[in-house]
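One structure is given here, and the rest of the page talks about it.
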Amino acid sequence: MIANIARNILKGINRRLNAPNWKSFRHLEPISNVFGYDRGNQSIHRYYIDNFVAMNAGKIKGRTLEVAERTYTQRHGQQVTQADIIHYSEHKGDGSFIGDLTKQETLPEERFDTFVCTQTFNFIYDFKAAIQGSKYVLKPGGFLIATVSGIQQISTYDASRWGDYWRFTSESCKKGFGEIFGEANVEVTTFGNVLASIAALEGLSATELTKEELAFSDPSYEIIIGIVARKN
């Protein structure tokens, strides 16, 4: 508790000492290169992701699957009977298994009612095969709740481990997911605007913008694209 309070105080001090100069962004390095986590508890990308998952909380029920952890299932799930985790390379027990979304032979077939898959397809080179794998693990009538990045810096953490390959648009998501799930079974939602995009690229945290500034949506500046795909 004390450690968390101290960290939050330090983040507040960092925000004040390194406040953005909104009149001039004439510099070559971002204010923060760790997505603003040294300035606040939530990045702008994660703010939008959390909002999107919350919008679809009613679909997170029954037996669920999530990548690497149960964060969004535990936060937003409703009537969840079992929450499983898929890992790419490291098995941690506790209802988790190792699987490769691009290789169906490593995946259980038609086992889950909901698959929460945030910020994953950007880091899979064969993302079409990964979408196929996501459909493969769902029961008929099950939902994939996914997010991908549009405007975002390279994630050095992910790039050094499995690669950072893609940035998406709402159109590429409609076509890509629609080709596999069927266009009528795919809904796409976008989040972002020019101010939020600049702030995110500069590494500001979500707490440094107002809720109104974050909520304004400009389809020309897609920071996060949310996808809901239903398996027939």
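Computed from the C-beta positions of Glu183 and Arg63, the FRET efficiency with R₀ = 22 Å rounds to 0.25. Taking all Cα pairs closer than 8 Å and separated by 6 or more residues, the relative contact order of the chain comes to 21 percent. Cα centroid separation, the range 69-107 to the range 112-134: 12 Å. Working value for the range 1-138: equivalent-ellipsoid semi-axes of 35, 19, 14 Å, each the square root of 5 times a Cα gyration tensor eigenvalue, largest first. Within the range 72-157, the GluC sites (Glu not before Pro) that combine a DSSP coil assignment with at most 15 other C-beta atoms in a 10 angstrom radius are Glu90, Glu109, Glu110. Here the relative contact order of the range 56-105, from alpha carbon pairs under 8 Å that lie six or more residues apart, stands at 31 percent.
Rounded to the nearest 500, the 222 nm mean residue ellipticity of the chain from helices alone is -9500 deg cm²/dmol, with -39,500 (n - 2.57) taken per DSSP H run of at least 4 residues. Looking at the chain, the DSSP beta bridges with both ends there are about 45 percent antiparallel.
Averaging over all projection directions, the Cα-based convex hull of the range 104-173 occupies 5.1 nm² in the image plane.
Extension gain for Tyr125 to Asn4 (0.36 nm times residue separation, less C-alpha to C-alpha distance): 39.8 nm. The distance between label points at Asn51 and Thr106 comes to 3.4 nm (points 7 Å beyond Cα on the Cα→Cβ vector). Start at zero, step by 10 Å, and the Cα-Cα distances of the chain spread as 8, 30, 35, 20, 7, 0 percent across the bins. For the range 122-226, the calculated P(r) over all alpha carbon pairs, in 5 Å bins from 0 to the bin holding the longest distance, is 2, 11, 19, 21, 18, 14, 10, 4, 0 percent. Electrostatic tally near Glu110: other residues with Cβ closer than 12 Å to its Cβ, Lys and Arg +1, Asp and Glu -1, net +3.
A dipole drawn for the chain from +1 and -1 charges on Cβ atoms has a positive end, and of Gly77, Cys173, Ile224 the residue lying farthest that way is Gly77. Looking at the range 151-232, the trypsin sites (Lys or Arg not before Pro) that sit in a DSSP loop and have at most 13 other Cβ atoms within 10 Å of their own Cβ are Arg161.
Electrostatic bookkeeping for Gly176 treats Lys and Arg as +1 and Asp and Glu as -1; over the other residues with beta carbon under 15 Å from its beta carbon, the sum is -1.
Computed from the coordinates by the stated procedures, all read-outs in this text should not be read as laboratory data. What you see is a predicted model; the values in this text were computed from it and never measured. Positions of Cβ are backbone-derived with ideal geometry, glycine not excepted, and every protein chain shown enters the neighbour counts.
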